[in-house]
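S.K.: Can you keep this structure in mind? I'll have questions shortly.
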Amino acid sequence: MLLAIDTSTGTSVAVVSRRGTLAERASADTRGHAELIGGFIAEALAEAGVAPSELEGVAVGMGPGPFTGLRVGIAAARAFALGIGRPVLPVVSHDAVAYGRTERVLVVTDARRRELAWSRYAAPGSDGLPVRIEGPALVPVAEAETVTAVAGYVRIDAATIDAGLLGLLALARHDAGLEPGPAEPVYLRAPDVTLSTPKTVTP
C-alpha cells in the first residue's frame, strides 16, 4: 500500500493498494495546499483503515506545476516517508493522468500566468504504462493551438491530478522494476524569489 500525494495543480491525497484506491481526498483550489494537505492525509488514512506503519512508501507527483504549490506536496511526502522509514516514489504528475488510457492522449494542466503545461503520450504498450513522447513543456495560452491541433490525440484537461491513479502508477512502475521518476521537481519555470548576490565588503 502507498500514500499518494499531488499538489501540482489542486491538492489530491489517496491511499492505494494493488486492489485499487482505498480512499481519496481532492480539492481544485490552487492556493490552499498548505492548509489542506495535513487534513487530507489524516482523513484518507482513517477512511482506508490503514496505519502509517502498513504503508510501503509514499508516491508523490513531481510536476509540472508552479513552484509554490508543488513544493508543499513534495515536502509533505518526504517528511511523511522519513517519519515512517519508507521510500518516496516520485512520479511525473502528467503520467498519472495518462495512466489507464488506451488511446494517444495530450495531457494539459493550467500553469497560470496565461500558460499551459502539456505532455503528449503514445498509446501504452502491453504493460499498460504511459509512454510519454513529448513534454512536459509550457506553451502560452494564446499559442496553445500549435500544440493541441496535432491530429490523433485525445486532449485531457486536468484541474487536479488523481492521486489514486498516481499511487497505482507508482506501484505498477515499482512492481515492473522500473527506475523511480525524477528526483527533482519539474517546475518548468524559475521561482519568483531568488537569492540576492552577497555584497563584497572591502576592508
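Computed from the coordinates by the stated procedures, all read-outs in this text should not be read as laboratory data. Since the model is a prediction, treat every value here as computed from it, not as a measurement. No Cβ is skipped: glycine too gets one built from the backbone with ideal geometry, and neighbour counts run over all protein chains shown.
S.K.: Which of the GluC sites (Glu not before Pro) found in the range 48-135 are in a DSSP loop and have at most 13 neighbouring Cβ atoms, other than their own, within 10 Å?
M.R.: Counting only loop positions with at most 13 other Cβ atoms within 10 Å, the GluC sites (Glu not before Pro) in the range 48-135 are Glu103.
S.K.: While we're on this one: Who wins for biggest fluctuation among Val16, Val150, Val92 in a Gaussian network model of the chain, springs between alpha carbons below 10 Å?
M.R.: Val150
S.K.: Kindly write out, for the range 97-114 in residue order, the coupling ³J(HN,Hα) from the Karplus curve 6.51 cos²θ - 1.76 cosθ + 1.60 (θ = phi - 60°), rounded to whole Hz, with x marking Gly and Pro.
M.R.: 5, 7, 5, x, 7, 9, 9, 6, 10, 10, 9, 10, 10, 7, 9, 6, 6, 6
S.K.: Where does each of Leu166, Leu82, Leu89, Leu116 land when they are ranked from fewest to most other beta-carbon atoms within 10 angstrom?
M.R.: Ranked by crowding around the Cβ, least crowded first: Leu82, Leu116, Leu89, Leu166.
S.K.: Can I ask one more? Report, in whole Å, the centroid distance computed from the Cα atoms of the range 17-31 and the range 50-106.
M.R.: Cα centroid of the range 17-31 versus Cα centroid of the range 50-106: 11 Å apart.
S.K.: Could you line up Val97, Val154, Val60 from fewest to most neighbouring Cβ atoms inside 10 Å?
M.R.: Lowest count first: Val154, Val97, Val60.
S.K.: Another question about this same structure. Counting DSSP beta bridges with both partners in the chain, what percentage is antiparallel, nearest 5?
M.R.: Roughly 70 percent of the DSSP beta bridges within the chain come out antiparallel.
S.K.: Now a separate question. When the helix-only estimate is applied to the chain (DSSP H runs of n ≥ 4, each -39,500 (n - 2.57), divided by the residue count), what is the mean residue ellipticity at 222 nm, nearest 500 deg cm²/dmol?
M.R.: -8500 deg cm²/dmol
S.K.: Classify the range 1-102 from the C-alpha gyration tensor, please: rounded if a/c falls under 1.5, else prolate or oblate depending on whether a/b exceeds b/c.
M.R.: rounded
S.K.: Using a Gaussian network model of the chain whose springs link C-alpha atoms within less than 10 Å, name the residue from Gly164, Gly135, Gly152 with the highest mean-square fluctuation.
M.R.: Fluctuation is largest for Gly152.
S.K.: Below 8 Å, C-alpha to C-alpha, sequence gap of six or more: please give me the relative contact order for the chain in percent.
M.R.: 26 percent
S.K.: Given the Cα atoms of the range 87-164, and with Rh set as the inverse mean 1/r over their pairs in the Kirkwood sense, what is Rg to Rh to two decimals?
M.R.: Dividing the radius of gyration by the Kirkwood radius yields 0.97.
S.K.: Of all trypsin sites (Lys or Arg not before Pro) in the range 1-47, which ones are in loop regions per DSSP and have a Cβ with at most 16 other Cβ atoms within 10 Å?
M.R.: Here the trypsin sites (Lys or Arg not before Pro) that fit, given the DSSP loop and packing criteria, are Arg18, Arg19, Arg31.
S.K.: Which of Thr68, Thr7 has the fewest other C-beta atoms within 10 Å, and how do the rest follow up to the most?
M.R.: The most exposed by this proxy come first: Thr68, Thr7.
S.K.: Please list the non-local residues whose amide H lies under 5 Å from the amide H of Val60, H modeled 1.01 Å from N, same-chain partners needing a gap of 5 or more.
M.R.: Close amide H contacts, sequence-distant or interchain: Ile5, Leu89, Val91.
S.K.: Compute the distribution of all C-alpha to C-alpha distances in the chain, in bins of 5 Å from 0, and list the percent of pairs in each, rounded to whole numbers.
M.R.: P(r) over the chain, rounded to whole percents: 1, 8, 16, 20, 19, 14, 10, 5, 3, 2, 1, 1, 0, 0.
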